[in-house]
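What follows is a set of notes on a single structure, which appears directly below.
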Amino acid sequence: MRLTLISPPFGESGQRSKGLPIAPPVLEYLAALTDQVQPGHEMTLVDANLRTFDPSTSEADLVGITVLTPQAPWAYRTADALRARGIQVLLGGIHVHALPDEAALHADAILVGEAETVWDRILTDARSHSLRPRYDGPYAPLEGLPHPRTDLLPDSYQFGSFFTSRGCPHSCAFCSVHENFGRVVRMRPIDEVVAEVASSRKHMFWNIDDNVWGVNINRSIDLYREMAKQVHGKWWFGSGDLVTLQHSRSDELMDAARCAGMTSAMVGYESENPLVLEELQATRKQGRDRQDAIKRIRAAGIDVMLFIMVGSRADHRRDFESILELCDRLDVAAHPVMTTPFPGTGLYREYEPFLIPGLDWDNFDGNRATFRHADPEMTPETREDMILKLRADLFTWPRMLRRIGQISAKGFPMAHVTSFMVQYPQGRAFKQFALEHQRAPQPAPARRPAEEREMA
């Protein structure tokens, strides 16, 4: 059977966006899972952020599309075009999990949940053209998972990826991870993770765990020590919370992470506004002194980038400005995104009455204002302009170089190299988006004849 797996482009109208040079993890993993459960299929992987996919020329028997919310309009249009030609379409991913009835309108079958326990059945049914309308993949143990296929995508990517767990113990209102993967965290066997990274052709990786160290600090230390022993010449970055850095073993954790090849951490800082932290239900993962936690990460020789949301209904103009001051004070970068209520989250349920009518899902990309604000000065246009300015100010060359220079010598040289490899494409992508979405200057109002005479 000819199988095509697609990761759609992000954002408005399916625009392709070049951000970090990382292959879509789900494509390489699903290709490997296919080989594990039913070897012999002819597979094509498509990263539609880099390659145009034309549904009119596809020769696949089954096309699987993984869907995040801002990708949904493109995915639906593409699925409709494929089905019109008689090609079977399977839709899965977080957006499908959140809105299965909507996704089912555009697919022969949808996958809700995880693929491992149902992928064999899906392939068998597709081969006989007898797909069921819906497949539910329950949470399952994470033993014996295949290593990603890194040889099928035609483009070169500087970063590979790996994961060590699924699920999240935190229940932040803005996040769908605990809804999609569960609140009980499942962990892969340490020896299987180490073997995967050690055998990969890649040398730099993104650890796609939602929390690379906050699930179980003792297990994380054991994992990092084994990686340090068995994995050489490999470096990686990932996301973590801040409350874990207040554990009695946190210094040991940071040293072990650096020795295991960790060079950079994106931490969920979320906001400087305490009202926003309360609204997002994110206070529990912050801990007592999060700025001290950031300093401790950097002192260990690991770079830090803050994940921050701006423009919520509790935010005001000053909250945008304070982010730049915070980053300058701590010598760290930030990835500011517009507060976005994704379907299936608590924040969506809270913000639903305030959503701007008529917006399609491609506006829910972290760049656009998608809801009305109580403050009349905080219009959608104002908030969008402010985040563009904040991003431009954050990623100037002087600021990027200063941040790199302030990383502890313990992490030299790879923490410094990774910092550049993350900051530069991130700043470039923000600049590209800003150029493509510049507001046209408003024409001056026409003068009335009396005004013309006065000017003369």
Query raised in the report: In the stretch 314-351, which residues are of a type in the set (S, T, N, Q) and either without any contact (Cβ under 8 Å) to a residue 60 or more places away in the chain or surrounded by fewer than 19 Cβ atoms within 10 Å (Cβ to Cβ) (or both)?
Result: S322
Query raised in the report: Is it the case that the stretch 60-81 has a residue that's in contact with an Asp or Glu (Cβ under 7 Å, 6 or more places away or on another chain), surrounded by fewer than 22 Cβ atoms within 10 Å (Cβ to Cβ) and over 26 Å from I22 (Cβ atoms)?
Result: no
Report summary line: Scanning the stretch 21-37 for residues that are touching a Pro at 6+ places or on another chain (Cβ under 9 Å) and in a loop (DSSP other than H, G, I, E, B) gives P21, A23
Report task. Select, from G92, G167, G160, G144, the only residue that is within 22 Å of the chain's Cα centre (by Cα), on the phi > 0 side of the Ramachandran plot and not charged (D, E, K, R). Result -> G167
**Report entry** Boolean, G113 is small (G, A, S), surrounded by 19 or more Cβ atoms within 10 Å (Cβ to Cβ) and on the phi > 0 side of the Ramachandran plot
**Finding:** yes
Report task. Kindly provide the set of residues from the stretch 297-349 that are more than 24 Å from F181 (Cβ to Cβ), hydroxyl-bearing (S, T, Y) and touching a Ser or Thr at 6+ places or on another chain (Cβ under 8 Å), ordered by number. Result -> S312
Requested in this report: With respect to D362, determine if the residue is charged (D, E, K, R) and surrounded by 19 or more Cβ atoms within 10 Å (Cβ to Cβ).
Outcome: yes
Query raised in the report: Using beta carbons and a limit of 6 Å, which pairs, at least six apart or on different chains, have the first residue in the stretch 38-55 and in contact (Cβ under 8 Å) with a residue 12 or more places away in the chain and in a loop (DSSP other than H, G, I, E, B) and the second one surrounded by fewer than 18 Cβ atoms within 10 Å (Cβ to Cβ) and of a type in the set (A, V, I, L, M)?
Result: H41/M1; P55/A81
Query raised in the report: Which one of these is part of a helix (DSSP H, G or I) and either under 17 Å from V422 (Cα atoms) or in contact (Cβ under 8 Å) with a residue 12 or more places away in the chain (or both): Q291, Q286?
Result: Q291
Query raised in the report: For the stretch 390-416, what are the residues that are in contact (Cβ under 8 Å) with a residue 40 or more places away in the chain, outside any loop (DSSP other than H, G, I, E, B), closer than 30 Å to Q438 by Cβ and not aliphatic (A, V, I, L, M)?
Result: R391, D393, R399, R402, R403
Query raised in the report: For V185, which of the numbered conditions (1) crowded, with 19+ Cβ neighbours inside 10 Å; (2) β-branched (V, I, T); (3) in the same structural domain as S220 (by TED's automatic domain parsing); (4) modelled with pLDDT of 95 or more fails to hold?
Result: (4)
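The values are calculated or read from the model by the stated rules, or taken from the named source; none is laboratory data. Because the structure is a prediction, the values reported are computed rather than measured. All Cβ positions, glycine included, derive from the backbone under ideal geometry; neighbour counts span all protein chains shown.
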